[in-house]
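**Q** Okay, handing you the structure first.
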Amino acid sequence: MKKALILAGLVFAFSLAALAQGYDAMPADALVFPIGVAGTVYEDMDLGVRGGTLNVSNIEDPRGWNNHTAHETSTTWFTYRMHRGLVNLDHISGAVVVDFAKAYEISDDGLVITFHLREGIKWSDGTPITADDVLFSYNDVVLNEDVDCNSRDGQILPDGTFPLLEKVDDYTVTFTLSTIYRPILNALSFNLMPKHKLAEYVHKLNPDVPAGTFNETWTLDTPLTELVGNGPYIVTDYQVNVSVTMERNPYYYGYDPAGTQLPYYDKVQTTIVANQDVSMLKFRNGEIDVYGLRPEDIPILLPEADAKDYSVMITDLARYGTTWIMINQDIGIPDGTDAEKRELYRNVEFREALAHLLDKDTMVQNVLNGLGTAQWGPVSVPSPFYAGRDVYGGPITENNAVWFEYDPTLAASKLDALGVVDADGDGWRDLPSGAPLTMEMNTNDNTIRIAYCLIMQDDFRAVGLNCNFQVVDFNTLVGQLFGSTGDIIMLGLTGGDEPNSGKNVYSSCGSLHAYRYSACEEPDEVDLRIDELLDLGANTFDLDAAFGYYTEYQQLLAHQLGYVYLCQPTFQYSYYNKVGNAFMASPTSTPAGNNGLLTELCFDKTLL
Amino acid sequence: MLTYMIRRTLYMIPLLLIVSLISFSLIKLMPGDYLTTARMNPQITEQTLQQQIERFGLDRPFLVQYWFWLKNVLQGDFGTSFDTRMPVFKTLFFGSRLMWTVIIAMTTLVLTWIFAIPIGIYSATHQYKPSDHVVTFFGFLGLSIPNFFFALVLMWMLVVIFHVGDRGLGVAGLLDSRFFDSPFSWAKFVNYIWHLWPVWVVIGTANMAGLIRLMRGSLLDTLSLPYVQTARSKGLTERVVTYKHAVRNAINPLVTTLGLSLPGLVNGGVITAIVLNIPTVGRAYFSALQRQDEPVIMGGLLFFSLFLLIGNVIADFLLAWVDPRIRYD
């Protein structure tokens, strides 16, 4: 009897061990990252070995473990590593690539996208992943109005409908569109969620739970053993305000060309560090392996790099997003005043004069310590659709990129030609009628934006424009933006790879078309063409054609000067040389923020 | 005395109501709300924003919002955080926040007293001597240096001057990363102390100056009283006169500050906790303020207000306890 019990115990232990070990062999449908393969964007990377712990930092705690209800990068940094979708954005190029789907086809009419799923792949608890999980994630979570889902809006087609997702078999699904809509491919990167763990919390599947229960699922107080994912890592420990520990998912389907299952690192230990000065000190102290540094950190870190065996990478690739000033072309409409000022601001010649007063070189040198680039258009530089990159159809030449050189003399002559001269001899230019012209420029309490505004204020005043700069609370500033009050507002917007994600900003009826909300009722020719180009770029799967449309779109917006773009900091970071492949980090792999590190492809060189 | 204490305790209820109404009004007077940042996200549609406004009840009139909040509070429901989707007090006290808040508050209080009282006594008994000026100077130095700056300088010194990293020691936070998921041990306890001593130094020195000056002034007043002269004329040593007779009476006013210092310790170390990366309730509250997470702000305000009121009651009780001349009706 005793021997039988011992034998049963051994069998049970081995079974558990077998479950914990993952796949017996590399699955036939594994996702192979072409590490070291010539002709790919990964060709300079090295094959690694498994083991070790990667130490990184994050500035804020996560606010939950539910990817679909998360609205902040401090949470998605972790949930993105726990869950992946049908497609993903390539870490380096930003192009849409397959992830959990092994392939997809688009029908000839462009209305049906068929995804073929990887067979034999499992969730981190060993449960097979099938089309039912895809249907659950999309139909019952993303499209479910009870769920406060962050990715639903990205699924909306131009006619207001959503793609229809249907199951063909356990490993094939189709999305049927009402109209051709290329950006839907980006939107279909929504993360897959395990139906077997979460269906019970969705009211429409389980009427016993109140509507909205899913929003309070997988919160921070959920036992971590409940978390199940298909990404490279799973959260295994969380100490509030202290650390988050992630360990490898034994069933992750990513492999390297040598057949080694990814991720290489056994663990990713994230220390929560709320203050960036402290992050830098921890990096210098050797406690964290990678640090997304600021320009002012570089002269401190560079001298110690050799002695401490770390590298400081300074790139010329701008980060995602835009920074701009908005000249309010609807000024005075809310209270029926300032008609002449409004007419002046609506004159593109006036905005061009102001554009020639933007000394972007000084901004880059003095504010960003030389680590920045000038911006001229709405599309983020890392995007494959940025007029200038060569991922899709490009590059276009420098001559096609429109810019306004810093030229105060030209600016002054433009103002003179508009009749904006000093009529009363007080040293300040006036409106064409002779009435005083005073411009209030506002921004929020952000050191870089304040510095930009001070430079602009000086340059505007130098040509006789009475410009007064004031720092206001962020919420007040946003109120001015939406309320069409204030003369000039300096702010910024986040950005992404897909130009169509800016539709709310640049289409004439967009909710963030703050420089001229009245364009919705009274669009001009440029507004109409921009609306048209956004649709044309979205209504084709031909990426070269889309690139062409977005090139014209960027040129028009650069000329229109609705938002007048300033500068964007470039991407730089530092890492200890023991972290293999860390040199490949880029802003493109920051859909979840933090250092742009390709965590699953990094490895511990000391183990070689 | 008992009647007085009961009455003071009951007075807290209307006080807390008034505090909650004023606080709610102030929150609503602030420009924007929890969704202001979301409005700046180009990928969120107006329809989604409107749904969220309705979900969080932000479209209701001010008094209706307050009434719903109050009604729920009276039923023991303090609401759910907009941010974490967890109940308010679970958000504030999540994990070990409350424990560390209490530990840091209590240990800092004890250490501040351990150092400040003897320094104050020394300063009073060596009035106007160079040593008096020196200890007073250092006391005020701790008070005048901003806590966040002091904390940063301290960590900078540890990393750049003393190279603690070469000895395998970390800075900031509660522990070195190698101990994050390890079981409790002597080494882990020592590592906790290593990470906490800068917190004690930064917060403690800021609080010490006031206590030193209080002790010094109170003892100087007591030492000039006639009964002290009588004690000296009876032939008692200066040591006995000072410590057995004078200090015991001089310390009475300081005892009352114990109760009043408690709320300050709980919520006053927020910036230090952020810089030194310590999980505290104040830090969670600060995050809620930044994001305008209204349920958490209101819950936190009630918590800190209650602490303040309790602190005042404790101060009154202690004063009556140490000074038999004081009695309340």
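**Q** Semi-axes of the equivalent ellipsoid of segment B:149-298: what are they in whole Å, largest first, if each equals the square root of 5 times a C-alpha gyration tensor eigenvalue?
**A** 42, 23, 14
**Q** Under a plain spin-label model, where a point goes 7 Å from the Cα along Cα-to-Cβ, how far apart in nm are B:Arg60 and A:Glu532?
**A** It is 5.0 nm.
**Q** For B:Arg167, B:Arg178, which order do you get if you count the other beta carbons within 10 Å of each Cβ and list the fewest first?
**A** Least to most surrounded, the residues fall as B:Arg167, B:Arg178.
**Q** Starting with the fewest neighbours, write out A:Asp426, B:Asp176, A:Asp109 ranked by other beta-carbon atoms found within 10 Å of each beta-carbon.
**A** A:Asp109, A:Asp426, B:Asp176
**Q** If you place +1 on the Cβ of every Lys and Arg and -1 on the Cβ of every Asp and Glu, how big does the dipole about the Cα centre of segment A:322-569 come out, in debye to the nearest 20?
**A** In total the dipole reaches around 480 debye.
**Q** What are the residues whose amide H is under 5 Å from the amide H of A:Leu491, where those residues sit 5 or more places off or on another chain and H is modelled from the backbone?
**A** Placed amide hydrogens put A:Trp324, A:Met326 under 5 Å from A:Leu491.
**Q** Could I ask something else about it? For segment B:216-256, count all C-alpha to C-alpha pairs, find those more than 12 Å apart, and express that count as a whole percent of the total.
**A** The answer is 53 percent, as a whole percent.
**Q** Still on this model: In debye, nearest 20: dipole of chain A around its Cα centre with unit charges on the Cβ of K, R (+) and D, E (-)?
**A** Using only the charged Cβ atoms, the result is roughly 2080 debye.
**Q** Rounded to the nearest 5, what % of the DSSP beta bridges within the protein assembly as shown are antiparallel ones?
**A** Here the share of antiparallel DSSP bridges comes out near 75 percent.
**Q** Could you work out how far the C-alpha centroid of segment B:1-61 sits from that of segment B:199-227, in angstrom?
**A** 40 Å
**Q** Can you tell me the relative contact order of segment A:170-316? Whole percent, Cα pairs under 8 Å, sequence separation 6 or more.
**A** RCO, segment A:170-316: 11 percent.
**Q** Here's another thing I want to ask about it. Sort by residue number and name the cysteines in the protein assembly as shown that have no neighbouring cysteine Cβ under 4.7 Å.
**A** If one checks each Cβ against the other cysteines of the protein assembly as shown, A:Cys149, A:Cys453, A:Cys467, A:Cys567, A:Cys602 turn up with nothing under 4.7 Å.
**Q** Another question about this same structure. DSSP loop trypsin sites (Lys or Arg not before Pro) in segment B:187-251 with at most 16 other Cβ atoms within 10 Å of their Cβ, which ones?
**A** Sites meeting the loop and neighbour criteria: B:Lys234.
**Q** Given the rule -39500 (n - 2.57) for each run of at least 4 DSSP H residues, summed and divided by the residues of chain A, what is its mean residue ellipticity at 222 nm, to the nearest 500 deg cm²/dmol?
**A** -7000 deg cm²/dmol, from helical runs alone.
**Q** For B:Lys244, go through the lysines and keep the ones whose alpha-carbon is under 18 Å away, minus same-chain ones fewer than eight residues off.
**A** Partners within reach: B:Lys234.
**Q** May I ask you to derive the relative contact order of segment A:322-569, considering only C-alpha pairs under 8 Å and at least 6 residues apart, and to give it as an integer percent?
**A** Over segment A:322-569, the number comes to 33 percent.
**Q** Separate question: Quick check on segment A:39-141: take the gyration tensor over C-alpha atoms, sort the square-rooted eigenvalues as a ≥ b ≥ c, and tell me if it's rounded (a/c under 1.5), prolate or oblate.
**A** oblate
**Q** Here's something else I'd like to know. Taking every alpha carbon pair in segment B:149-207, what does the distance histogram look like in 5 angstrom bins from 0, in percent?
**A** Pair shares across the bins are 4, 18, 27, 24, 16, 9, 3.
**Q** Order of A:Leu371, B:Leu70 from fewest to most other C-beta atoms within 10 Å?
**A** The fewest-first ordering by Cβ neighbours comes to B:Leu70, A:Leu371.
**Q** Would you mind pulling out the separation of the Cα centroids of segment A:526-577 and segment A:240-307, in Å?
**A** 32 Å
**Q** Quote the convex hull volume per residue of the protein assembly as shown, based on C-alpha atoms, as a whole number of Å³.
**A** In the protein assembly as shown, the Cα hull volume divided by residue count equals 248 Å³.
**Q** Quick one: check the C-alpha center-to-center distance for segment B:92-148 versus segment A:496-524, whole angstrom.
**A** 57 Å
**Q** In addition: Under 12 Å from the Cα of B:Lys188, which aspartates and glutamates turn up, not counting those fewer than eight places away in the same chain?
**A** B:Asp176
**Q** Mind listing which GluC sites (Glu not before Pro) in segment A:459-537 are in a DSSP loop and have 15 or fewer other Cβ atoms within 10 Å?
**A** The qualifying sites are A:Glu521.
**Q** Taking Rh as the Kirkwood radius computed over C-alpha pairs, what is the Stokes-Einstein D of segment A:322-569 at 20 °C in a medium of viscosity 1.002 mPa s, expressed in µm² per second?
**A** In µm²/s, the coefficient rounds to 115.
**Q** Also, quick follow-up: Which entries in the list A:Lys341/B:Lys28; A:Lys197/B:Lys90; A:Lys578/B:Lys90; A:Lys197/A:Lys503; A:Lys360/A:Lys503 go over 28 Å, if you measure between the two C-alpha atoms of each?
**A** A:Lys341/B:Lys28; A:Lys578/B:Lys90; A:Lys197/A:Lys503
**Q** Hey, another quick one. Suppose a student asked you for the relative contact order of segment A:169-230, using Cα pairs under 8 Å spaced at least 6 residues apart; what percent would you report?
**A** 24 percent
**Q** Treating the Cα atoms of segment A:150-223 as identical point scatterers in vacuum, please give the log10 of the normalised Debye intensity I(q)/I(0) at q = 0.12, 0.18 Å⁻¹, two decimals.
**A** Taking Cα atoms of segment A:150-223 as identical point scatterers yields -0.47, -0.95.
**Q** Next up: Work out from phi, with θ = phi - 60° and the Karplus expression 6.51 cos²θ - 1.76 cosθ + 1.60, the ³J(HN,Hα) of each residue of segment A:555-571, listed in order in whole Hz, and give x for Gly and Pro.
**A** 5, 5, 5, 5, 6, 5, 6, x, 9, 9, 7, 10, 9, 10, x, 8, 8
**Q** Which FRET efficiency value, to the nearest 0.05, do you get for A:Thr127 and B:Lys234 by plugging their Cβ-Cβ distance into 1/(1 + (r/R0)^6) with R0 = 60 Å?
**A** Using R0 = 60 Å, I get an efficiency of 0.10.
**Q** Turning to a different aspect of this structure: From the Cα trace of chain B, what convex hull volume per residue do you get, rounded to a whole Å³?
**A** Dividing the Cα hull volume of chain B by its residue count gives 203 Å³.
Bear in mind that the values in this text are calculations on the coordinates, not laboratory data. The structure presented is a predicted model; accordingly, all values stated were derived computationally and were not measured. Glycine gets a Cβ as well: all are built from the backbone with ideal geometry, and neighbour counts include every protein chain shown.
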